[in-house]
Structures are given as C-alpha cells and as structure tokens.
Amino acid sequence: MAKKLKTYETSLGFFDLAIAAPSMKAALEAWGADSNLFHQGAAKQSEDPDVVAVTMAKPGVVLRRPVGSDGSFSEHADLPTNLGDTDKPTKTAREPQGHKPKQASSRPVDKAAERKAALAYDREQNRRNRERAREEAARQQERERRQQAIDEAQSALDKAEREHAERAGAIQAEADAIEKRAQAENARWKKEKERLDAALQRARG
C-alpha cells in the first residue's frame, strides 16, 4: 500500500527546495543532504497549500525556487537575483523553529488526490530504482569487460613468459653441451699435443 505523502521544505545553496515524500528521511535522501536538516531547524514540513499542491503534482521530484523568494517551485529554477545581498536571511532562516506556516490549509482533504500522489511517488521511486539498476548493470558490465581484458592480457603475458623460459632453457642446455664438448676437445688436444711433442723430441734426438 502506498504511503501517505507530506511536503517538506529546506534551503540548500542558492535554492529553496520542496518535495512530496513519505518521510523526512526520504526527503533528506532526495535532497542529497549529509546531515539531518530537520533536527538542525533548517528543514520543515510545509502546510502551505500552494507548495503542497505543486509538490503533490510531481511527487518524489525535487522542486526549486531562488533562495529567499516567495515564487513558485519548479523543477528548473533560475538563480536568485539578490546574490549580493548576503545579509538577507533565507526564508527558512527567517522563520523561527516551530513557527506555523503562513497559511494553514483550509482546503478539505482530498483522499483521492492523496492516493494518486502517493502512487505517483511510488512510480517515480520505482523509475529511479530501475534507472539506478540499469546504471549499476552497465557499470558491472564495464567492470567485467575490463576484468576480461585484464585476464586475457595477463594470460598472454604468462604464456609469453613460459615460452621465453622454455626457449632460454633450451639455449642454455645447448650452451652447456657446447661447453662440455669444448672442454673435452681441449683435454684431447692437450694429450695429443703432448704425444706429438714427445715424438718430435725423439725424432730430433
């Protein structure tokens, strides 16, 4: 069963952010916050009917507007025009903690709209999950392709090293055999020369 959605607001960087989400945790994750902005007083649940309406129309989507402005939230907002006015607090900062929204919603609760928004949020989450799964599958495929290339290159290197070792071993064996033959020839020649020298001495004598 789809969870009931609530609208949450905060200010990060140059923008005010709003989202329709089932929980504060889900809102923080969607905003990419690395700390609990709600505990810090930098985020709140919104009851502003205009903000609620626009976020419920796009549940699970982070909407933006220039920080400190009272304009409408949208997926793509322009940068604030008062960036040089650093002393002006943001809208979130101007509102003390526990301050009630500017306008409590007097609209009747539209259960059908709530269910529709909750289902839309679930569809958006499922779409994001599928997208993340596709991206992870692509990354995994790329890792496997790289690993296969590494394995093939390593196998080729190992094979070449074995062939080199075999050839070097055969050459060394041939060199050892030649060295033994050379030593044997030197020994034979030494004896032969001694015999011939002795014969020559006898002939002269």
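For the stretch 189-201, the criterion of a residue being open to solvent by 100 Å² or more (accessible area, probe 1.4 Å) and polar (S, T, N, Q) is satisfied by at least one position.
Put simply, of Pro66, Pro49, Pro101, Pro108 the only residue that is open to solvent by 30 Å² or more (accessible area, probe 1.4 Å), more than 30 Å from Asn129 (Cβ to Cβ) and at pLDDT 85 or above is Pro66.
Contact map, the stretch 52-68: residues that are of a type in the set (Gly, Ala, Ser) paired with residues that are buried (at least 23 other Cβ atoms within 10 Å of the Cβ) and assigned to a helix (DSSP H, G or I), Cβ distance under 7 Å, separation 6+ or inter-chain. Pairs shown: Gly60/Tyr121. Filtering Lys3, Lys44 for residues that are of a type in the set (Lys, Arg) and within 18 Å of Arg128 (Cα to Cα) leaves a single hit, Lys3. Considering the conditions (1) part of a loop (DSSP other than H, G, I, E, B); (2) surrounded by fewer than 19 Cβ atoms within 10 Å (Cβ to Cβ), Glu29 is excluded by exactly one of them, (1).
Per the listing Leu17, Leu79, the residue uniquely at pLDDT below 85, under 30 Å from the mean Cα position of the chain (by Cα) and hydrophobic (A, V, I, L, M, F, W, C) is Leu79.
Is it the case, given these coordinates, that Ala20 is within 20 Å of Arg127 (Cβ to Cβ), outside any helix (DSSP H, G or I) and of a type in the set (Gly, Ala, Ser)? Considered against the rule, which asks whether it is within 20 Å of Arg127 (Cβ to Cβ), outside any helix (DSSP H, G or I) and of a type in the set (Gly, Ala, Ser), Ala20 comes out as yes.
The values are calculated or read from the model by the stated rules, or taken from the named source; none is laboratory data. None of the values given here were measured: they were computed from a predicted structure. Note that we place each Cβ from the backbone using ideal geometry, even for glycine, and neighbour counts take in every protein chain shown. Accessible surface is based on the protein model in full, side chains and every heavy atom, while ligands, DNA and RNA are left aside. Shrake-Rupley method; radii C 1.70, N 1.55, O 1.52, S 1.80 Å.
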